[in-house]
Structures are given as C-alpha cells and as structure tokens.
Amino acid sequence: MKTRAAVAFEAKKPLEIVEVDLEGPRAGEVLVEIKATGICHTDAYTLDGLDSEGLFPSILGHEGAGVVVEVGAGVTSLKPGDHVIPLYTPECRQCKSCLSRKTNLCTAIRATQGKGLMPDGSSRFSYKGQAIHHYMGCSTFANHTVLPEIALAKIRDDAPFAKACYIGCGVTTGIGAVVHTAGVEPGASAVVFGLGGIGLNVLQGLKMVGADRIVGVDINDSKAEWGKRFGMTHFVNPTKISGDLVAHLVELTGGGADYTFDCTGNVDVMRTALEACHRGWGESIIIGVAPSGAEIRTRPFQLVTGRVWKGSAFGGARGRTDVPKIVDWYMDGKIEIDPMITHTFPLERINEAFDLMHAGESIRSVVVF
Ligand code: NAD
Ligand code: AHE
Ligand code: ZN
C-alpha cells in the first residue's frame, strides 16, 4: 500500500513529506494506522546526527497511538480495530530479560531494531524502490506502519489518540523513572534537571508518589511556571546562581537529594545530578540520552561514599503490561497530559515542531493525521 510519511533522508535536513510504499504485515506482525504522534527530543537527536545508531533514510517517530488495520499470521493478542500504542521497548515475556523480572529491556528483537529493520531482517518501507529504515521499531511519523505484535500495547478505546500518544514515550518515561526505576518513597527530596517533555513528567510522578521537596533545574526561566504547575517546590536556573551549583542544591535539599533525575542528555549535568545526591544513599537516575561518543565522569569517591548512578529506559516500564495502566491513570484523572501538549500540527508542518523544541518554546508537539 501507499502511505504518507515524513522521511528523514539525511541528517540535519528537514523531514520531507512523501508517499512511501509499505508492505503488509508478515507472520507475527501488525499493520497499524497511526492517528497521532508526539515529537520527542530523541527524534531530534537522531535527526541531528547525534545517535550512534542513527540511520538514513529513515522514518523517525516513536511516540504514537493508532488502530490495528491488519494482523499477520500467528498474531493472537490483537485484531483489526484494536487501539494500540507502539512500544520501542517491546515485551515478549519469553526472553531472558523479560523472564528475569529484573529489567524492562526485552531483548527479543533489539538487534534488528537497532539496525532499522523488522525482526526478519528486512524493511517494510520503501520509496522509489529504495528501502527506508524503520526507527526504534516504531516509525510513527508515517500514517501507517508495521510493528511486531510484541511491540504493541493494547489500550482502551475511549482514550483520545492525540493525548494518549504521549504515553508512548514522554509520560511513561518520566513517571516510570520515579515509580519503577527509583521507587521514590513519600517524603523524599528530589532534584529534576531539565523541565521539558520528560522532566515535567518526572515532576508529576514525584508529586503523585508524595515526594516532599521537589527542586527543578533548567537554564530556561520560562520552565519555572511549568515546573510549579506539575509539583515543583523550588526552581533553580544554574546560569543565575553565583557559586557552585552542587553546593547550592545540597543546601536546598538539606544535605543532598534522596533522588536526582537527569532529563537533559548533557553529561556535565549528569555529573552535577550525581554529586547533588545525599552522601550515603542518594540515587541519581540518568534519563537523558547523550550524543554519540560522550562519556560521564565523576570522582569514584562519590560512589564510594554511597551515591548511586542508575539509568532508566522507557521509565523501566514493561510496555504491554504497564502502558494500558498509565492510560487508565490518565483517563481517571490521576495524571495530567493535556496541558503539556502545547502544539498540534498536521504532518505537513512536522518540521515546525522540531523548530519549537530547539527554541525551547514547546513542551510537547503532537502531529495528528
Ligand atoms: P526537551 O527538549 O523537551 O527538554 C529538555 C530540557 O532540558 C529543556 O527544558 C532545556 O531547557 C533543558 N536543559 C538543556 N540544557 C540544560 C542544562 N544544561 N541544565 C538544565 N536544563 C537544561 O527534551 P525531552 O523530550 O524532555 O527529552 C529530554 C531528554 O530525555 C533527551 O535527552 C531525550 O533524548 C531523553 N529521553 C530519554 C528517554 C529514555 O527512555 N531514557 C525517553 C525519552 C527521552
Ligand atoms: N541509540 C542510542 C541510544 C538511544 C537511547 O538510549 N534510547 C532510549 C530511549 S530514548 C526514547 O526517547 C532507550 O530506550 N534505550 C534503550 C535501548 O535499548 O535503546 C545509542 O546511544 O546508540
Ligand atoms: Zn522519546
């Protein structure tokens, strides 16, 4: 079939809206009509050529929601008409990682996914006879896409696509890092670095679990109001404080934070986040994705004296199990999504969403097909 897609033909170039060819689902695969997709900073990072796994041409996008159109042979858990959220972290429930119960990082299809291919090693997308790579196993910047059954969470039918799509990455990543990765307890103190589409969801997760002192850090002053709206109790703009940022944050949190979260992808910020943790027990969670080749540094003494560095992918969530629950939280009013979706565009204007993100003028932009 033909479908409309925003194709990344080259790094650092705007996406081009073209009609691409899409092959139907093979065994174990599902054809999905994407109804809406968010634009995450990770899409921009890959388009900017900063991703060591970045491939071109490709169809980016990994924060979508849509409807099942057709299922391939052997698919049992989904049928045409089901509402779904694509999962860049699938959940096969059979691999060593899934069975370990220690991680959400299912390994069933990770190798081919990282090569921009379906599990059988081929692509379903092409343009003028040339194969186009899939992205993060999702490619939601296309009106239709094909995914493995294990990479789709079935969600309730009454959740609006243009809001639920954000649960496909930002919402789950932020709230999940608090709930699953850190396991923050009521009364804890926390510092969140980077109050964008992910950081604000960390804030609302912290508020939801009853954290006490919640400090937000951002170089953009306009994020202070946003932070307060989602539970932040104190705001720090590092460019506006005199003296050492770590010392300032340690003082603000009464000796160091119980938990800190990096939502910037900047390795210097990651170091600050670790060092702002409380001696003996503070845990720093890296969510931000750093450019290819970047490395984190600190004095080992920071770890010897009890601070812990952890990472979190997709908020530690097991997609097929946890995503439908987060959709329920949203529909039941337990968490907010609507105010964070600051801009909505048709696919033809998707490049404006990247411009707004780079200018720090949006929280989340969503493309509605
Ligand atoms: P965003 O652009 O919406 O937000 C980033 C925020 O960080 C902005 O408010 C910006 O002003 C702030 N910032 C930038 N430099 C800073 C600094 N030096 N100090 C303090 N604040 C600073 O991006 P987003 O969509 O929220 O994504 C944030 C990061 O999380 C990105 O690196 C993204 O790739 C990553 N991410 C990771 C996962 C995961 O599963 N680990 C999932 C989604 C996104
Ligand atoms: N491809 C990059 C790493 C990118 C990365 O870390 N991605 C996160 C999700 S970001 C969503 O917005 C992730 O889930 N990582 C785990 C995984 O298996 O990819 C690189 O450095 O090569
Ligand atoms: Zn993302």
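Scan the stretch 132-190 for residues that are outside any loop (DSSP other than H, G, I, E, B), over 30 Å from residue 309 (Cβ atoms) and away from ligand 2 (no atom under 16 Å from the Cβ) and report the count.
Number satisfying all stated conditions: 13.
Can you confirm whether the stretch 84-92 contains a residue that is outside any helix (DSSP H, G or I) and more than 18 Å from residue 28 (Cα to Cα)? Quick ask: steps written out before the conclusion?
Let us first name the residues in the stretch 84-92 that are outside any helix (DSSP H, G or I), namely 84-92.
With more than 18 Å from residue 28 (Cα to Cα) added as a condition, the list becomes none.
Scanning the stretch 84-92, I find no residue that is outside any helix (DSSP H, G or I) and more than 18 Å from residue 28 (Cα to Cα), so the answer is no.
For the stretch 189-199, state whether one or more residues are on the phi > 0 side of the Ramachandran plot and surrounded by fewer than 24 Cβ atoms within 10 Å (Cβ to Cβ). Write out each step before concluding.
We begin by selecting, within the stretch 189-199, every residue on the phi > 0 side of the Ramachandran plot; these are 194.
Cutting the leftovers down to surrounded by fewer than 24 Cβ atoms within 10 Å (Cβ to Cβ) gives us none.
No; the residues of the stretch 189-199 include none that is on the phi > 0 side of the Ramachandran plot and surrounded by fewer than 24 Cβ atoms within 10 Å (Cβ to Cβ).
What do you reckon, is residue 120 crowded, with 17+ Cβ neighbours inside 10 Å, of a type in the set (Asp, Glu) and outside the structural domain of residue 180 (by TED's automatic domain parsing)?
Working: crowded, with 17+ Cβ neighbours inside 10 Å: no; of a type in the set (Asp, Glu): yes; outside the structural domain of residue 180 (by TED's automatic domain parsing): yes.
So residue 120 fails the test.
Among the candidates 33, 70, 19, which residue alone is in a strand (DSSP E or B), within 20 Å of residue 119 (Cβ to Cβ) and among the charged types (D, E, K, R)?
From the options 33, 70, 19, the qualifying one is 70.
Scan the stretch 136-154 residue by residue and report those that are surrounded by fewer than 24 Cβ atoms within 10 Å (Cβ to Cβ) and under 22 Å from residue 364 (Cβ atoms).
If the condition is that a residue be surrounded by fewer than 24 Cβ atoms within 10 Å (Cβ to Cβ) and under 22 Å from residue 364 (Cβ atoms), then 143 is the only one that fits.
Restricting attention to the stretch 51-93, report how many residues are among the hydrophobic types (A, V, I, L, M, F, W, C) and within 16 Å of ligand 2 (Cβ to nearest atom). Break it down stepwise before answering.
Within the stretch 51-93, the first condition is being among the hydrophobic types (A, V, I, L, M, F, W, C), and the residues that meet it are 55-56, 59-60, 65, 67-69, 71, 73, 75, 78, 84-85, 87, 92.
Now drop any that are not within 16 Å of ligand 2 (Cβ to nearest atom), which leaves 55-56, 59-60, 65, 85, 87, 92.
Of the residues in that region, 8 qualify.
Consider only pairs whose beta carbons are under 8 Å apart and that are at least six residues apart or on different chains; among these, list those whose first residue lies in the stretch 282-306 and is free of Cβ contacts under 8 Å to residues at least 40 places away in the same chain and whose second residue is within 16 Å of ligand 3 (Cβ to nearest atom) and in a loop (DSSP other than H, G, I, E, B).
286/312; 290/265; 296/290
Residue-wise test of (1) within 16 Å of ligand 1 (Cβ to nearest atom); (2) among the aliphatic types (A, V, I, L, M).
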| residue | (1), (2) |
| --- | --- |
| 10 | no, no |
| 16 | no, no |
| 33 | no, no |
| 45 | yes, no |
| 73 | no, yes |
| 79 | no, no |
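For the subset of the stretch 93-116 comprising residues that are assigned to a helix (DSSP H, G or I) and either touching a residue at least 40 places away in the same chain (Cβ under 8 Å) or not assigned by TED's automatic domain parsing to the domain that holds residue 40 (or both), which member is farthest from ligand 1 (Cβ to nearest atom)? Steps first, please.
So in the stretch 93-116, the residues assigned to a helix (DSSP H, G or I) come out as 96-100, 110-114.
From what is left, the residues that are either touching a residue at least 40 places away in the same chain (Cβ under 8 Å) or not assigned by TED's automatic domain parsing to the domain that holds residue 40 (or both) are 98, 114.
Numbers: 98: 17, 114: 15 Å.
Checking each candidate, the answer is 98.
Considering each residue of the stretch 8-36, count those that are touching a Pro at 6+ places or on another chain (Cβ under 8 Å) and more than 30 Å from residue 74 (Cβ to Cβ), and give that number.
The total comes to 3.
List the strands (runs of 3 or more DSSP E) that sit entirely inside the stretch 259-369 and contain at least 1 residues that are under 20 Å from residue 66 (Cα atoms) and over 16 Å from the mean Cα position of the chain (by Cα).
Of the strands (runs of 3 or more DSSP E) lying wholly inside the stretch 259-369, those with at least 1 residues that are under 20 Å from residue 66 (Cα atoms) and over 16 Å from the mean Cα position of the chain (by Cα) span 341-345, 364-368.
The values are calculated or read from the model by the stated rules, or taken from the named source; none is laboratory data. Quantities reported herein were computed from a predicted structural model and do not represent experimental measurements. Here the Cβ is made from the backbone with ideal geometry for all residues, glycine too, and neighbour counts use every protein chain on show.
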